[in-house]
Amino acid sequence: MFYAHTSAHGLEPLEDHLRFTERLAMRYGETFRSAGLCALIARLHDLGKRTEKFQNVLAGKENHIDHAIVGAWYLNDEYFNCAQHYTDDAWIHALCCAAIRGHHSELCGRLISPSLDDLCLPDDDEYDIPLNSNGKRSALRDASEYDEVAAYAQSQKLLSHLSDGDYLTIDRTNPEARMLYARMVFSCLVDADYTATASFNSQHEPDAERVICPDEMLTKLHQYRNSIIRVAADSGKADLPINQLRNEIYRDAFIRGNGPVGFYTMTAPTGTAKTLALMEFALQQAKRNHFDRIIVVLPYLSIISQNAEEYRKAFGADTVLEDDSNTEFPEEAKLYADRWDAPVIVTTSVKFFEALGGNMAVPLRKLHHLANACVVFDECQTLPHQLTTCTIKMLQALPEYFHTTVLFSTATLPVYAYRRTLEHFQPVEIIENVKGTYQKYDQLKDTTVIALDSPMTYESIWEKFIGVDQALIVFNTVNAALGMYHYIQDSLGSGSVFYLSSDLCSEHKQEIIRLVKRKLKNQEQCFLVSTQCIEAGVDLDFPSGAREYAPLSSVIQTAGRINRNGEHPGTFYVFGLGERNERRYPDITYQNESQVTEFLASEYGGLSLNDLSLMDAYYKRVYYGDREAGQDSLELQKACKYADVQAFSEQYHIIDDKNQIIVIVPYEQLSTEFDHLSAELQEQDYCISKVQMRSSKKIQVSRYASRKNMEFLRRHCHALFMRTSKYGERIPLNWMIADMDNIYNPQTGLQREESTDSFVL
């Protein structure tokens, strides 16, 4: 008898594992009409375990054996003899082979004009050769053993039940949809395999998937919203005009939520309580279209917990899964997190797109749960230009092929139709009268926007706030924000001015936001100087503020923190710091878009931030005038053209972390945790584990790895390493831990050398 796994409970027969995996994969694939295809690859994925070498692995006699290649090889071999089981389009063949080949590692290969070379299949006469960079060798002893394995597979008639109705037919001119389909099928296999293995190890049947109960959840949502309205009434704020506008937006969400599966947008100003309106839309969609779950995607860690907590208040903790890099799951809950197995998922755009556009097995495990769901993207304007076209095309495939509704939500919806490759992108708008909504909001806000012509200094900016007790001032770079912070501090002292930037660890940022909120509520003197990390999702309400010229969406987001509830007249300045040729920006794209904003301020004689014609003019100029902003990167376009899954994943990154260094810092409020970790790392020869990486999230700072930054950090920090299990050597990481308390300032965070070329957001 051949076996698949060994555990404390004994040996698992291979046939039991294959049939269990097949059953699970079929169930997952049924959600997008691919049960037969998923069943096929599930039955073949561990065919290589019917070999002497792999059975020796279970017995502890061998290691580094590649069993996955055998099933892919068999399927490829049989393809030429059983082509009637496939369409004449060879991409289905490539998809299946690639999924089986990579189920323990990654999905590779081209899905247009596929080549067997892309799958790293060995030649007929070379059965025992290195197959990958890890040095794994084929599980096959020789040709005769392959014949034995093939004979078994043929006796099971594994290819006979695959018919034309067992997989999706996707137009060959849509490579983005094809790559997404390949990932979805791969996801079903990986999840089924991992779940079946976990079930054997625990000797428990997998729990039933947790899905939405729309009627029950709608009742809870309405009860929660009514409680908020009662609190507002008790405080005398229920009749504020802004609350009436919020009610109208909520009504529109309800109406459109009763529509068919599709691609929708919600374009509504900042501060109009979209969080609950988005959930109303999603639940109505789930009720009408029988969805299993809702996935809410947010761009910033700062707003993940905020939104997740609000949904937990409405629905209860068991209904909402918060999946971000800061969340630590207990062992019993980790399975649900890895699989996105919950009625409501709140996650980051990094996590989401890691699955949507990646190729690694573990992140892709959750992807099939996008089928039969409502996916909500809040603050969608944060999607990087170089990824926009391919991302939207993949998302368009969700309603077309996977019975999934997609919703883009923003206060500054980019006019994607101006991009050369998205001319026909026409989603359904939720808000009945977008123009009227913005006009009404502009009147209610009663906030004067003043675009300053002359180049400003710290002194001239500060003069605008003489006689003002509370203000928000936002800059494009850390250095500029630091300069303003110190200038105000010299004028007022340290008790009334606060600072936010990427130099602060996450726990420190949250503490400052809590303190600022308290001062604003108590009408105490409070000035906050920040980079753009304050812009989206942070619920602050200042009576006045200022923003350095930036991309229009950034300016509007900052303006949304000024006079948020329209309770008093507000003033908002937009300025240029220094002469134009002296200004500094994070990158060239940011600079180009900032200059478009400044140009339009001059053309329009100011900035009316709630004027939709201004937004339209801005995006038209950005997408037509800036080649990089108007299309995806050339490398990504090439990967899309050939549906090259691996090349695509290598280029598809929401955050470019290749030039980032992570520094663990001694933030005073968590000094005990830092001291404990520092002692552990010293004992471990500064080799850090994945558990320690996750547990230190609250005291981590990301810093751009420029030459000057690295020289400074090396003087004050210890480099960290990862120890390999194979040989025990230390592999360098882009991680450090501070070795001096004075490297982290309690007001401004991780220290930096004075520099004129360090322009970090």
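The values are calculated or read from the model by the stated rules, or taken from the named source; none is laboratory data. The structure presented is a predicted model; accordingly, all values stated were derived computationally and were not measured. Ideal geometry is used to build each Cβ from the backbone, glycine not excepted, and the neighbour counts take in all protein chains shown.
Across the stretch 537-550, which residue is modelled with the lowest pLDDT among those that are touching a Ser or Thr at 6+ places or on another chain (Cβ under 7 Å) and of a type outside the set (Val, Ile, Thr)?
537
List the pairs whose first member sits in the stretch 56-73 and is buried (at least 17 other Cβ atoms within 10 Å of the Cβ) and in a helix (DSSP H, G or I), whose second member is modelled with pLDDT under 85 and among the charged types (D, E, K, R), and whose Cβ atoms are under 9 Å apart, counting only residues at least 6 apart or on separate chains?
Pairs that qualify, where the first residue is buried (at least 17 other Cβ atoms within 10 Å of the Cβ) and in a helix (DSSP H, G or I) and the partner is modelled with pLDDT under 85 and among the charged types (D, E, K, R), are 69/136.
Any idea which of 438, 418, 401 is of a type in the set (Phe, Trp, Tyr), surrounded by fewer than 22 Cβ atoms within 10 Å (Cβ to Cβ) and within 22 Å of residue 378 (Cβ to Cβ)?
After applying the criteria, what remains is 438.
Check whether at least one residue in the stretch 15-31 is of a type in the set (Gly, Ala, Ser), touching a Gly at 6+ places or on another chain (Cβ under 7 Å) and either under 30 Å from residue 636 (Cβ atoms) or at pLDDT 90 or above (or both), and report yes or no.
Scanning the stretch 15-31 turns up no residue that is of a type in the set (Gly, Ala, Ser), touching a Gly at 6+ places or on another chain (Cβ under 7 Å) and either under 30 Å from residue 636 (Cβ atoms) or at pLDDT 90 or above (or both).
Only one of these is in contact (Cβ under 8 Å) with a residue 60 or more places away in the chain, closer than 30 Å to residue 751 by Cβ and of a type in the set (A, V, I, L, M): 691, 663. Name it.
663
Residues that are out of contact with any Pro (no Cβ under 8 Å at 6 or more places or on another chain), farther than 28 Å from residue 393 by Cβ, among the hydrophobic types (A, V, I, L, M, F, W, C) and in contact (Cβ under 8 Å) with a residue 60 or more places away in the chain: does the stretch 700-707 have at least one?
There is at least one residue in the stretch 700-707 that is out of contact with any Pro (no Cβ under 8 Å at 6 or more places or on another chain), farther than 28 Å from residue 393 by Cβ, among the hydrophobic types (A, V, I, L, M, F, W, C) and in contact (Cβ under 8 Å) with a residue 60 or more places away in the chain.
Any residue at all in the stretch 643-662 that is at pLDDT 90 or above and either over 30 Å from residue 95 (Cα atoms) or assigned by TED's automatic domain parsing to the domain that holds residue 171 (or both)?
The answer is yes, given that some residue of the stretch 643-662 is at pLDDT 90 or above and either over 30 Å from residue 95 (Cα atoms) or assigned by TED's automatic domain parsing to the domain that holds residue 171 (or both).
Return the total of residues in the stretch 206-227 being closer than 22 Å to residue 193 by Cβ and loosely packed, with under 13 Cβ neighbours inside 10 Å.
Within the stretch 206-227, residues that are closer than 22 Å to residue 193 by Cβ and loosely packed, with under 13 Cβ neighbours inside 10 Å number 2.
Check whether at least one residue in the stretch 284-295 is farther than 19 Å from residue 214 by Cβ, under 20 Å from the mean Cα position of the chain (by Cα) and β-branched (Val, Ile, Thr), and report yes or no.
There is no residue in the stretch 284-295 that is farther than 19 Å from residue 214 by Cβ, under 20 Å from the mean Cα position of the chain (by Cα) and β-branched (Val, Ile, Thr).
State yes or no: is residue 682 under 25 Å from the mean Cα position of the chain (by Cα) and among the polar types (S, T, N, Q)?
So residue 682 fails the test.
Among the helices (runs of 4 or more DSSP H) confined wholly to the stretch 331-441, which include 1 or more residues that are aromatic (Phe, Trp, Tyr) and in contact with a helix residue (DSSP H, G or I) (Cβ under 8 Å, 6 or more places away or on another chain)?
Because the criterion is at least 1 residues that are aromatic (Phe, Trp, Tyr) and in contact with a helix residue (DSSP H, G or I) (Cβ under 8 Å, 6 or more places away or on another chain), the helices (runs of 4 or more DSSP H) in the stretch 331-441 that meet it are 349-356, 388-401.
Name the residue that is farthest from the chain's Cα centre (by Cα), counting only residues in the stretch 584-597 that are within 19 Å of residue 473 (Cα to Cα) and in contact (Cβ under 8 Å) with a residue 60 or more places away in the chain.
Out of the qualifying residues, it is 584.
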